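Peer 1: Mind having a look at this structure? Questions to follow.
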Amino acid sequence: MRVLLAGGAGYVGTHTAIALIEAGHEAVLLDDLSNTSAEVTARIESITGKAAPLASGSAASVADVERVFDEFGPFDSIMHFAAKKAVGESVEKPLDYYRNNLGSTFALLEVGIARGIRSFIFSSTGTVYSDPADLPFGEGATRNLVELSNPYSKSKLMNEVVLSDVQRVNPELNITLLRYFNPVGAHESGLVGEDPKGIPNNLMPYVARVAVGGLSEISVYGTDYDTPDGTGQRDYIHVVDLADGHVAALEKAEPGLKAYNLGTGNPVSVLELISSFEKAVGRELPKKMAPRRAGDLAATYCDPAVAERELGWKAARTIDDMTRDVWNWQSRNPRGYDG
Ligand code: WQD
């Protein structure tokens, strides 16, 4: 099938394009390159032997999306990765987040439905869950919008509401909501990986940057949580497992709306992740214990049983696979795609 990946030159989009091509599908990337590099297309071709054309433009612009359909269509499916996703930044700039993260969905739906797509696969998030009493989070554990702590997560839950109402009046359309937990890792080739601009907000890329000497030491945000070692627990999922989940969702798509948790179901703590990374690097990394970060939950992890049962998909890679592959990517590309 022919798939338009909105935000497809980003971290998850790039890995998904590779998985799609390797499964015999065609991938076209639409990206404004605000948080990635056009270099990814050459890397995708090196890995797969096939091109994934890149159309430069905004997924939030109807004119840009129309142009991509005119030039590269028709498409069987749209996969929508194009979103701002820094939780802290979203608190500072709520309007930017709502305008971009909702406006992109509106434009893609308007053009995609008019042009006859059969499925719309949406990059959602495990941060739509909020109540620790619901752990491990199942797909039915979403709570009210106002209980979410930041505009990023709210924008994602709002998207899910919009998509549900739109699907109801387009009954032949499949809409799949893929709720990612914490995507980390990199393709085994070391040719593509996570390359955040500036200083990383997230733990794994921050640890990787310290390991290559780009940053001085890791801060462990909080050691007094009610967890086995006192540090925050997350459900880290290898980005290649996540990409495979998108291929499974595309190939299983049938009319209707479905939500799936894409996670491992295994909580891993900050100290456990750092220890795994130190094993991959072969040396200790500089770290300091620091106060909790505002807005953080002690633990978040999912029950992935519905995706396993209905998509025939299960995350296969361990935290040691994730840190090994991140170190392979980062050590080969100390400055990311900038060489
Ligand atoms: C993980 C743990 C921190 C940095 C992210 C994205 C969000 C969503 C889910 C897609 C926490 C601790 C972190 C550091 C630390 N992605 N930490 N030192 O907050 O779960 O959310 O994944 O939807 O968009 O932001 O991930 O990696 O920031 O934090 O100790 O320098 O690491 O306290 O316990 P988070 P994270």
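The values are calculated or read from the model by the stated rules, or taken from the named source; none is laboratory data. Source: prediction; values computed, not measured. In this analysis, Cβ positions are derived from the backbone assuming ideal geometry, glycine residues included, and neighbour counts consider all displayed protein chains. Keep in mind that these areas ignore ligands, DNA and RNA; they rest on the heavy atoms of the full protein, side chains included. Shrake-Rupley method; radii C 1.70, N 1.55, O 1.52, S 1.80 Å.
Peer 1: In region 104-130, which residues are more than 16 Å from the ligand (Cβ to nearest atom), open to solvent by 10 Å² or more (accessible area, probe 1.4 Å) and not in a helix (DSSP H, G or I)?
Peer 2: Within region 104-130, R115, G116, I117, R118 meet the criteria.
Peer 1: Every residue in region 131-156 that is of a type in the set (A, V, I, L, M, F, W, C), within 14 Å of the ligand (Cβ to nearest atom) and part of a helix (DSSP H, G or I), please.
Peer 2: none
Peer 1: To continue, here is another question. Condition test on V207, is it touching a helix residue (DSSP H, G or I) at 6+ places or on another chain (Cβ under 8 Å), within 25 Å of V268 (Cβ to Cβ), buried (at least 23 other Cβ atoms within 10 Å of the Cβ) and touching a residue at least 40 places away in the same chain (Cβ under 8 Å)? Please lay out each step first, then the result.
Peer 2: Details: touching a helix residue (DSSP H, G or I) at 6+ places or on another chain (Cβ under 8 Å): yes; within 25 Å of V268 (Cβ to Cβ): yes; buried (at least 23 other Cβ atoms within 10 Å of the Cβ): yes; touching a residue at least 40 places away in the same chain (Cβ under 8 Å): yes.
So V207 fits the description; yes.
Peer 1: So which of E272, E278 is open to solvent by less than 60 Å² (accessible area, probe 1.4 Å) and either within 16 Å of the ligand (Cβ to nearest atom) or within 17 Å of P136 (Cβ to Cβ) (or both)? Please lay out each step first, then the result.
Peer 2: Working: E272 fails: open to solvent by less than 60 Å² (accessible area, probe 1.4 Å).
Testing whether each residue is open to solvent by less than 60 Å² (accessible area, probe 1.4 Å) and either within 16 Å of the ligand (Cβ to nearest atom) or within 17 Å of P136 (Cβ to Cβ) (or both) leaves just E278.
Peer 1: On to the next question. Identify, please: which residue in region 175-204 is in a strand (DSSP E or B) and among the hydrophobic types (A, V, I, L, M, F, W, C) and is, among those, nearest to the ligand (Cβ to nearest atom)? Explain how you work it out, then say what you get.
Peer 2: Keep residues of region 175-204 that are in a strand (DSSP E or B), which gives 175-180, 182-184.
This time we only want the ones that are among the hydrophobic types (A, V, I, L, M, F, W, C), so: 175, 177-178, 184.
Working: I175: 18, L177: 12, L178: 10, V184: 8 Å.
Residue satisfying both the conditions and the ranking: V184.
Peer 1: Right, another one. Can you list residue pairs whose Cβ atoms sit under 8 Å apart, with the first residue in region 127-143 being among the β-branched types (V, I, T) and the second being open to solvent by 50 Å² or more (accessible area, probe 1.4 Å)? Count only pairs 6 or more apart in sequence or on different chains.
Peer 2: From residues that are among the β-branched types (V, I, T), the pairs are T127/V87.
Peer 1: For region 301-309, indicate whether the set of residues that are surrounded by 20 or more Cβ atoms within 10 Å (Cβ to Cβ) and of a type in the set (F, W, Y) is non-empty.
Peer 2: Step one: filter region 301-309 for residues surrounded by 20 or more Cβ atoms within 10 Å (Cβ to Cβ), giving 301-302, 304, 307.
Narrowing the set further to residues that are of a type in the set (F, W, Y) leaves 301.
Within region 301-309 (the criterion being surrounded by 20 or more Cβ atoms within 10 Å (Cβ to Cβ) and of a type in the set (F, W, Y)), the answer is yes, since at least one residue qualifies.
Peer 1: Within the set of pairs 6+ apart or on separate chains, which have a first residue in region 14-38 that is of a type in the set (S, T, N, Q), a second that is assigned to a helix (DSSP H, G or I), and C-beta atoms under 6 Å apart?
Peer 2: Matching pairs, first to second residue: T14/V40; T16/A243; T16/H246; S37/Y337.
Peer 1: Follow-up. Considering only region 281-313, how many residues are assigned to a loop (DSSP other than H, G, I, E, B), touching a residue at least 60 places away in the same chain (Cβ under 8 Å) and not acidic (D, E)? Please lay out each step first, then the result.
Peer 2: In the first step, residues of region 281-313 are kept if they are assigned to a loop (DSSP other than H, G, I, E, B); the result is 282-286, 291-298, 301, 303-304, 312-313.
Still in the list and also touching a residue at least 60 places away in the same chain (Cβ under 8 Å): 285-286, 291-293, 295-298, 301, 303, 312-313.
Among the residues that remain, those that are also not acidic (D, E) are: 285-286, 291-293, 295, 297-298, 301, 312-313.
Total satisfying the criteria: 11.
Peer 1: Another question, if that's okay. Just give me the residues in region 93-103 being part of a helix (DSSP H, G or I), in contact with a helix residue (DSSP H, G or I) (Cβ under 9 Å, 6 or more places away or on another chain) and of a type outside the set (A, V, I, L, M), in sequence order.
Peer 2: P94, D96, Y97, Y98, N100, N101, listed by residue number.
Peer 1: Does any residue of region 84-92 turn out to be modelled with pLDDT of 95 or more and open to solvent by 40 Å² or more (accessible area, probe 1.4 Å)?
Peer 2: Within region 84-92, none of the residues are modelled with pLDDT of 95 or more and open to solvent by 40 Å² or more (accessible area, probe 1.4 Å).
Residues checked against (1) part of a strand (DSSP E or B); (2) within 14 Å of the ligand (Cβ to nearest atom); (3) modelled with pLDDT of 95 or more; (4) farther than 14 Å from C302 by Cα:
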| site | (1), (2), (3), (4) |
| --- | --- |
| V220 | yes, yes, yes, yes |
| D226 | no, yes, yes, yes |
| G230 | no, yes, yes, yes |
| V240 | no, no, yes, yes |
| A243 | no, no, yes, yes |
| A248 | no, no, yes, yes |
| N261 | yes, yes, yes, no |
